[in-house]
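Each value in this text was obtained by applying a stated rule to the coordinates, not by laboratory testing. Quick caveat: nothing in here was measured; it's all calculated off a predicted structure. Here the Cβ is made from the backbone with ideal geometry for all residues, glycine too, and neighbour counts use every protein chain on show.
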Amino acid sequence: MNKVEWLPLSLGKLSFLTELYISENRIMALPNSISSLESLMKLDVRANQLINLPSSFGELQTLVDLDLSGNLLKSLPESFGNLNYLIYLDLSLNRFTNLPSTVGNLISLQRLNVGTNDIEELPHTIGLCKSLVELRLDFNQLKGLPEAIGRLECLEILTLHYNRVKRLPSTMGNLSCLRELDVSFNELADIPETLCSVGSMKKLNVGKNFADLRTLPESLGNLEILEELDISDNQIKTLPDSFRFLSRLRNFHTDQTPLEVPPREIAKLGPQAVVQYMADYVAERSLKSQQIKKKRGFCSFICPLLCFSIGEE
């Protein structure tokens, strides 16, 4: 089957064209005339051999849906930030090492996928993409996220597995709409307590941070509608007391994690068995603590009396 290697300059004459599908070909460059497609709303150029985009690419201001995945792109033209109506953008499977600061100009962007690149950091201007609902950063070289990530108040899905993230910013506690967070296969040493103020969280995956992650936030139980939690392949030995409040938890993965509280045999019985165990565990410990306090109180009362009595004799 023959594959297209180039597009004619006359392409720009199709001024009423609204959708263009040219995926899975061998196109290395788009003609400058493509910027004349003033009605274009959807452009699918995935799985080609694009090395760069025309400098005038940002003139496609009616563009809503753009798929550039599976190419050889390393950078975006300065004009890219002019795509004010862009809602969906897929840049995955390319060769990006960073994103331009102009990405913050994409004020209508709702879904952004930059997975499987070599991106080492995100620009702080990502926080200006206020409409973002889904952000996929998997399979990159990220060591962290900018504090500005906390400004994405509409964000519902954030995935960044297979990176090198060592810490998450405390501002993530401001992501009030976040439903799904995947930070598996990273180098996390801890999870900020502020993340547990995200009451909308339903799915949390912190699995496979291996030797780095040893504890969970004490306030984990504040995630009251959490349904799925993965802590597998970490070094966590004890669950926080607040785990007993996770009454909606339906999936709990603990493979290759050396749990002691609760014991492994309890974890195997399912998430609600663990929730009940932690409730009983905390109640029993509280009861013992009260008994000890009563004994100390009794001693502090009776001992002076005994001493006084002996002194009288």
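Per DSSP H run of at least 4 residues, take -39500 (n - 2.57); add these up for the chain, divide by its residues and hand me the 222 nm value, nearest 500 deg cm²/dmol. Write down the numbers at each step before the final one.
On the way: 2 runs with 46 residues, N = 313.
Here the helix-only value at 222 nm equals -5000 deg cm²/dmol.
Binning at 10 Å from 0, report for the range 179-304 what percent of all alpha-carbon pair distances ends up in each bin.
13, 41, 27, 10, 7, 2, 0
Scan (1) -0.32, -0.58, -1.19; (2) -0.27, -0.54, -1.29; (3) -0.35, -0.71, -1.43 for the value of log10 I(q)/I(0) by the Debye sum over Cα atoms at q = 0.06, 0.09, 0.16 Å⁻¹ calculated from this model and give just the label.
(1)
Taking neighbour counts of Cβ atoms within 10 Å as a proxy for exposure, in what order, fewest first, do 157, 191, 51 appear? Display every interim value, and only then the final one.
Working: 157 17, 191 21, 51 13.
The fewest-first ordering by Cβ neighbours comes to 51, 157, 191.
By how many nm would the segment from residue 203 to residue 11 lengthen if fully extended, with 0.36 nm per residue of separation less the alpha-carbon distance? Write out the running numbers ahead of the final one.
On the way: separation 192, 0.36 × 192 = 69.12 nm, distance 4.53 nm.
Extending this stretch completely gives an extra 64.6 nm.
Could you give each residue of the range 276-283 its phi-based ³J(HN,Hα) in whole Hz, using Karplus coefficients 6.51, -1.76, 1.60 with θ = phi - 60°, and x for Gly or Pro?
Working through the residues one at a time gives 5, 4, 5, 5, 5, 4, 5, 5 Hz.
Please give, to one decimal in nm, the separation of the simple spin-label points placed at residue 284 and residue 260, each 7 Å out from Cα toward the Cβ.
1.6 nm
Can you check what the net charge comes to around residue 233, using other residues whose Cβ is under 12 Å from the Cβ of residue 233 (Lys, Arg +1; Asp, Glu -1)?
On the way: positive: 208; negative: 212, 230, 255.
Counting the neighbours of residue 233, the net charge comes to -2.
Mind ordering 252-258, 108-114, 206-212 by average Cβ neighbours within 10 Å, highest first? Don't skip to the answer; put the middle values down first.
Numbers: 252-258: 15.9, 108-114: 20.3, 206-212: 18.3.
In descending order of packing, they fall as 108-114, 206-212, 252-258.
So if I take the centroid of the Cα atoms in the range 188-212 and the same for the range 117-181, what is the distance between those two points in Å?
The distance from the Cα centre of the range 188-212 to that of the range 117-181 comes to 13 Å.
Extension gain residue 253-residue 218, at 0.36 nm per residue separation less the Cα-Cα distance, in nm?
Details: separation 35, 0.36 × 35 = 12.60 nm, distance 1.87 nm.
Net length gain for the segment: 10.7 nm.
For the range 157-261, run through the GluC sites (Glu not before Pro) and keep only the ones in DSSP coil with at most 14 other Cβ atoms within 10 Å of their Cβ. Let's see the in-between values first.
Numbers: sites: 180, 187, 193, 218, 224, 227, 228, 260; in loops: 187, 218, 224, 227, 260.
Qualifying residues, ordered by number: 218, 224, 260.
Between residue 193 and residue 21, what is the label-to-label distance in nm when each label sits 7 Å out along the Cα-to-Cβ direction?
5.3 nm
How far apart, in nm, are the 7 Å Cα→Cβ label points at residue 95 and residue 237?
Placing both labels 7 Å along Cα→Cβ, they lie 4.8 nm apart.
Contour minus end-to-end for residue 3 and residue 153, with contour as 0.36 nm per residue of separation and end-to-end as the Cα-Cα distance?
On the way: separation 150, 0.36 × 150 = 54.00 nm, distance 4.30 nm.
Additional length available on full extension: 49.7 nm.
Which whole-number percentage describes the relative contact order of the range 106-165, with Cα contacts under 8 Å and a sequence gap of 6 or more? Intermediate values should be presented prior to the final figure.
Working: 128 pairs, mean separation 22.5, N = 60.
Answer for the range 106-165 is 37 percent.
Can you give the FRET efficiency to the nearest 0.05 for residue 211 and residue 121, using r as the Cβ-Cβ distance and R₀ = 41 Å? Working shown, then result.
On the way: r = 24 Å, r/R0 = 0.59.
Working from the Cβ atoms, E equals 0.95.
Quick one: check the C-alpha center-to-center distance for the range 247-273 versus the range 70-101, whole angstrom.
Value for the Cα centre distance between the two parts: 42 Å.
Counting only other residues whose beta carbon sits under 10 Å from that of residue 271, what net charge do I get with K and R as +1, D and E as -1?
On the way: positive: 248, 250; negative: 227, 228.
Within the 10 Å Cβ shell, the charges total 0.
Could you work out the local net charge near residue 242, counting Lys and Arg as +1, Asp and Glu as -1, over the other residues with Cβ closer than 12 Å to its Cβ?
Summing Lys/Arg as +1 and Asp/Glu as -1 gives -3.
What residues qualify as long-range amide H neighbours of residue 233, i.e. H under 5 Å apart, gap of 5 or more or another chain, H built at 1.01 Å from N?
For residue 233, the qualifying residues are 208, 255, 256, 257.
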